[in-house]
Amino acid sequence: RMEKKQNEPEESSGTKNLQFSEVLYLLSKKVNLGYGIPDKYDYPPWRLQTGSAPCVDKINPMLNYSIKVQSGVIPKSEEFSEFILSNSSLAVAGMLQYLLGHLDVPSEITFGVLKWAQDARSSEDDFEGIPHIWLSIGDIPVDNTYVAFPPTADNLEYFYECKKVNSYLKENPLETKMRLFLGQEEDEESKEVYRHNIKVLQTYSFKGHILKYLAISLLNPELNPGLKLYSILMLEYLKNNFSISPPKVEDKMSKECWSCKKEYTESDQLRTCTGCKVAKYCDRDCQRQEWKVHKLLHQELEFTKKLLLENAAADEAEQREIEQLEQTRQQMNSS
């Protein structure tokens with residue numbers, strides 16, 4: 001399904017997203033940055049050691065700032081009271097690759113296996129690791145994914161200690177003979193979502209595809225507002241520290257055919273996918289050639305929207321239950 005964006009009569013969806021994006025830009029000014037990477041972890045996968053790669057003096061501060069943003073909070077906000085972004089390995093690796101590229105630092109996104117430490121396994125028969133995404137600078141693994149822990153948790157240090165440079169195996173998780181943890185869900189619907197997530201990680205970890213994944217996510221900020229905030233703050237970091245202002249990923253991808261990579265001066269010179277209203281193509285032939293890859297992003301939007309609706313319904317049910325309990329308590333006190 002194709003259409004010229006300029007010929008679309010309704011713009012309610014785009015206007016709504018723009019307004020929400022503006023709110024996030026305002027909220028970005030209120031972010032309290034998190035604690036960053038503890039100084040003692042001055043080695044991979046958290047930081048690069050001096051002399052191990054070019055531009056280490058630029059890379060390490062960016063990695064530290066990235067963790068500060070992900071672990072940041074916005075006081076008195078419901079959505080960002082505990083963190084900005086958590087457990088988003090593909091998105092973080094993609095954004096960092098994009099930003100580091102503008103500092104002339106080459107990197108690759110790796111879809112591989114994160115091997116569990118021996119003391120994290122209950123026995124020799126336990127799982128050996130999980131599928132994971134990280135950034136490789138040269139042959140050095142860089143894992144910049146923040147994982148939020150409950151405020152009362154005391155295992156933050158273990159989070160850093162358990163990940164060693166030799167834990168990152170460039171082995172296809174779908175072909176390895178290792179026993180990998182692939183989720184504990186038993187129902188078929190949950191298994192379907194997990195299989196989809198693995199396909200997304202595998203497909204969009206390629207350099208030719210990662211910006212598509214980011215563009216879809218950033219132009220649907222209501223589905224993942226934390227990623228939009230992360231993008232805003234990291235682009236500002238590049239501008240403030242290196243006087244470099246690369247185009248926003250979503251703007252760059254609006255002027256490029258997602259199939260043949262041909263670039264245009266204006267986005268309305270391309271045709272827009274009517275399903276996601278984001279992907280751009282020269283013509284129907286280009287869209288057909290890319291559909292096998294692109295349909296995963298349509299599924300991603302559907303799964304995410306469904307999950308948000310389910311969560312919202314659960315929250316409403318919980319709130320009604322609390323209100324009913326309060327009414328019952330008040331009635332008992334008055335009688």
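Would you mind calculating the relative contact order of the chain from Cα pairs under 8 angstrom and at least 6 residues apart, reporting the percent as a whole number?
With pairs under 8 Å counted, the relative contact order is 18 percent.
Could you check the simple spin-label distance between residue 119 and residue 22, using points 7 Å along Cα→Cβ, in nm with one decimal?
Taking the two extended label points, one gets 5.4 nm.
Could you state the orientation-averaged shadow area of the convex hull built on the Cα atoms of the chain, in nm² to one decimal?
Computing the convex hull of the Cα atoms and averaging its projections yields 22.1 nm².
What is the extension gain from residue 241 to residue 325, computed as 0.36 nm multiplied by their sequence separation minus the C-alpha to C-alpha distance, in nm to one decimal?
So the chain would gain 24.9 nm between residue 241 and residue 325.
Whole-Hz Karplus ³J(HN,Hα) for the range 168-176, in order, using 6.51 cos²θ - 1.76 cosθ + 1.60 and θ = phi - 60°, x for Gly and Pro?
With coefficients 6.51, -1.76 and 1.60, one gets 9, 10, 7, 10, 4, x, 7, 10, 5 Hz.
Can you find, among 254, 214, 276, the residue sitting farthest towards the positive end of the charge dipole of the chain, where Lys and Arg contribute +1 and Asp and Glu -1 at Cβ?
Comparing the listed Cα positions along the dipole, 254 ranks first.
Would you please give the FRET efficiency between residue 197 and residue 82, computed as 1/(1 + (r/R0)^6) with r the Cβ-Cβ distance and R0 = 22 Å, to the nearest 0.05?
0.45
Over the Cα atoms of the range 257-335, what radius of gyration and what Dmax do you get, in Å?
Over the range 257-335's Cα set, Rg and Dmax evaluate to 23.8, 75 Å.
Once each part is reduced to its C-alpha centroid, what is the distance from the range 163-206 to the range 43-94 in angstrom?
If we compute the Cα centre of each part, the gap is 23 Å.
Rank these residues by their accessible area, most exposed first, probe 1.4 Å: 43, 35, 237, 204.
From most accessible down to least: 35, 43, 237, 204.
Counting alpha carbon pairs within less than 8 Å and at least 6 residues apart, what relative contact order, in whole percent, applies to the range 167-275?
In percent, rounded to a whole number, it is 14.
Write down the Kirkwood hydrodynamic radius of the range 66-194, to one decimal in angstroms, obtained as one divided by the mean of 1/r over all alpha carbon pairs.
16.6
Using the Cα atoms of the range 290-335, I'd like the radius of gyration and the largest Cα-Cα distance, Dmax, both in angstrom.
Computed over the Cα atoms of the range 290-335, radius of gyration and Dmax are 20.1, 68 Å.
Number of Lys pairs in the range 154-213 with C-alpha atoms less than 22 angstrom apart, excluding same-chain neighbours closer than eight positions?
9
Explain nothing, just the number: dipole magnitude of the chain about its Cα centre with +1 on each Lys and Arg Cβ and -1 on each Asp and Glu Cβ, in debye rounded to the nearest 20.
For the chain, the charge dipole is close to 1300 debye.
Using modelled backbone amide H atoms (1.01 Å from N, in-plane), which distant-in-sequence or interchain residues come within less than 5 Å of residue 134's amide H?
Amide H neighbours of residue 134, under 5 Å, 5+ apart: 110, 112.
The values are calculated or read from the model by the stated rules, or taken from the named source; none is laboratory data. Keep in mind it's a predicted model, so treat the numbers as computed, not measured. So basically every Cβ, Gly included, is an ideal-geometry build from the backbone, and we count neighbours across all protein chains shown. Only protein heavy atoms, including side chains, enter the accessible area calculation; ligands, DNA and RNA are left aside. Shrake-Rupley method; radii C 1.70, N 1.55, O 1.52, S 1.80 Å.
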